[in-house]
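J.: One structure, as structure tokens, below. Some questions next.
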Amino acid sequence: MDLDALLRHQIYAHTTGVGKPPTIAELSAAASESRDRVRDSLARLAAGRIVVLQPESGEILMAPPFSAVPTPFLVKTARHACYANCAWDAIGVPIMLREPAEIVSSCGCCGLSLTLDVQPDRVTAASDVVHFAVPAARWWHDLVYT
């Protein structure tokens with residue numbers, strides 16, 4: 001297995017297990033590779049839209065649907081609590097983990113607290129609406145803003 005494929009596997013094995021992406025140091029140790037080689041591999045994975053890196057440090061910011069930093073989209077499962085990058089990704093977490101989840105967020109308009117129960121194969125009935133201000137075709141132009 002080449003390094004990019006190995007790291008991609010390790011990123012998602014770690015992230016699904018603990019709820020946030022690994023650091024460069026953790027990937028370096030797990031792969032028995034230098035941090036420079038890991039950074040180069042992460043740059044290629046980012047260019048392929050597999051992960052999003054933090055601009056200054058090169059650490060993983062997003063391993064969709066998971067966020068490495070707190071966001072307004074908390075996803076609670078029996079396995080762990082984690083943060084998703086957006087409402088769309090929050091629904092993707094229980095699907096990826098194949099387990100029920102509770103999504104805790106707030107209304108982007110009024111700030112009212114919102115909770116949504118999600119099964120791995122369906123979302124329970126809700127009267128809430130998700131609005132995407134940026135068309136999906138333009139999400140990767142500035143994924144952090146989107």
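The values are calculated or read from the model by the stated rules, or taken from the named source; none is laboratory data. These numbers come from a predicted model, not from an experiment. Positions of Cβ are generated from backbone atoms using ideal geometry, with glycine treated the same way; all protein chains shown enter the neighbour counts.
J.: Using the structure shown, decide if CYS109 is outside the structural domain of PRO55 (by TED's automatic domain parsing), surrounded by fewer than 10 Cβ atoms within 10 Å (Cβ to Cβ) and either at pLDDT below 75 or out of contact with any His (no Cβ under 8 Å at 6 or more places or on another chain) (or both).
T.: Yes; evaluated as a whole, the condition is true for this residue.
J.: Another one. Looking at the range 72-85, which of its residues are farther than 20 Å from ARG49 by Cα and either under 8 Å from the mean Cα position of the chain (by Cα) or in a loop (DSSP other than H, G, I, E, B) (or both)?
T.: Within the range 72-85, PRO72, PHE73, THR77, ALA78, ARG79, HIS80 meet the criteria.
J.: Check whether at least one residue in the range 44-63 is surrounded by 15 or more Cβ atoms within 10 Å (Cβ to Cβ), touching a Phe, Trp or Tyr at 6+ places or on another chain (Cβ under 7 Å) and modelled with pLDDT of 95 or more, and report yes or no.
T.: yes
J.: Could I ask something else about it? Among the residues of the range 25-49, write down those that are of a type in the set (Lys, Arg) and either on the phi < 0 side of the Ramachandran plot or part of a helix (DSSP H, G or I) (or both).
T.: Scanning the range 25-49 gives ARG35, ARG37, ARG39, ARG44.
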